[in-house]
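J.: A single structure is presented below for examination.
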Amino acid sequence: MELAYYSDYAVRLVNTEQPERGTDSLTSVEAVRELFGPSQQAARRATDSDVTRLRTVRSRLRSVFEAADAGDEVLAVDLLNALMMEFPVSPQISGHEHRDDGGTSRSSRAESGGGRPDWHMHIADHAANATAGYTATACMGLAFHLTDLGVDRLGICQARPCRNVYLDTSTNRSRRYCSDRCATRANVAAYRARKRLESERSARTGRTAETTQDSTPATDR
């Protein structure tokens, strides 16, 4: 599994809060476990304390995205490095899938007839608690994404009031919104704003023409 895959952990955590809407879905142990997804051993260790811990990490991760979005690459990297020093990872080589003779990855030995293991890097889960495990994974994934694609690929949705974060994987670095829904909403709002401005300009032009006509002497008409 590519380590950059884990960068989505950071996005999922940060987006549990909508600051400008005043909403927060990270309010219970169940919410913490949902962040990990299915079949995660660390999720089963989650307690009420992890809700508070992960909220603190969430704020710090959002600061990384905000610095990147503002163009301050050094600050974004410094903030992320501080988190990685506090929550180190334990990488290991894993081979729970297998390849057949043609190099195709299989999910089990039975399917591949006992082919070669599909070796790949994996982040081992030896953390003391759920928060430490989740944070280490999220930060390492984000670090790989950042160094591979660039700090400017960490973005914050421009469709107000949404402030969800996202990872830009577009070929031309053109992404500006966290989802198609927000992109559509922003485009509709921009279209309505243009039409409203055109209407106001047309109204002002009409009033100016009427004023000019009314002020023209009768002999000149």
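J.: Which one is nearest to the chain's Cα centre (by Cα) among residues in the range 70-86 that are outside any loop (DSSP other than H, G, I, E, B) and surrounded by fewer than 12 Cβ atoms within 10 Å (Cβ to Cβ)? Break it down stepwise before answering.
T.: If we filter the range 70-86 for residues that are outside any loop (DSSP other than H, G, I, E, B), which is where we start, we get 73-86.
Right, trim to surrounded by fewer than 12 Cβ atoms within 10 Å (Cβ to Cβ) and you get 74, 85.
Numbers: VAL74: 19, MET85: 22 Å.
Here the answer is VAL74.
J.: Being at pLDDT 90 or above, part of a loop (DSSP other than H, G, I, E, B) and open to solvent by 50 Å² or more (accessible area, probe 1.4 Å) is the filter here, so list the residues in the range 109-160 that pass it.
T.: Result: GLN158, single match.
J.: Right, here's the next one. Can you tell me which residue within the range 16-54, out of those that are touching a strand residue (DSSP E or B) at 6+ places or on another chain (Cβ under 8 Å) and open to solvent by 40 Å² or more (accessible area, probe 1.4 Å), is farthest from TYR134 (Cα to Cα)?
T.: To start, the set of residues in the range 16-54 that are touching a strand residue (DSSP E or B) at 6+ places or on another chain (Cβ under 8 Å) comprises 16-18, 23-26.
After this cut, where a residue has to be open to solvent by 40 Å² or more (accessible area, probe 1.4 Å) as well, the list is 17, 23-25.
Numbers: GLU17: 17, THR23: 22, ASP24: 18, SER25: 17 Å.
My answer is THR23.
J.: Let me ask something additional. Residue check, ARG58 against (1) of a type in the set (Lys, Arg); (2) surrounded by 15 or more Cβ atoms within 10 Å (Cβ to Cβ); (3) at pLDDT below 90, all met but one. Which one?
T.: (3)
J.: Follow-up question, since we're still on this one. From the residues in the range 87-108 that are among the charged types (D, E, K, R) and part of a loop (DSSP other than H, G, I, E, B), which one is modelled with the lowest pLDDT? Write out each step before concluding.
T.: Filtering the range 87-108 down to residues among the charged types (D, E, K, R) leaves 97, 99-101, 106.
Next, from what is left, pick out any that are part of a loop (DSSP other than H, G, I, E, B): 97, 100-101.
Working: GLU97: 62, ASP100: 54, ASP101: 50.
In this case the residue turns out to be ASP101.
J.: Which of the residues that make up the range 183-221 are at pLDDT below 60 and of a type in the set (A, V, I, L, M, F, W, C)?
T.: Passing the criteria: ALA209, ALA218.
J.: Listed residues THR27, THR56; which is without any contact (Cβ under 8 Å) to a residue 40 or more places away in the chain and in a helix (DSSP H, G or I)? Let's see the steps before the verdict.
T.: Working: THR27 fails: in a helix (DSSP H, G or I).
Being without any contact (Cβ under 8 Å) to a residue 40 or more places away in the chain and in a helix (DSSP H, G or I) holds for just one of THR27, THR56, which is THR56.
The values are calculated or read from the model by the stated rules, or taken from the named source; none is laboratory data. Keep in mind that what you see is a predicted model, and the values were worked out from it rather than measured. Because the Cβ atoms are built from the backbone with ideal geometry, glycine has one as well, and the counts that use them run over all protein chains shown. These accessible areas exclude ligands, DNA and RNA; they are computed on the full protein's heavy atoms, side chains included. Shrake-Rupley method; radii C 1.70, N 1.55, O 1.52, S 1.80 Å.
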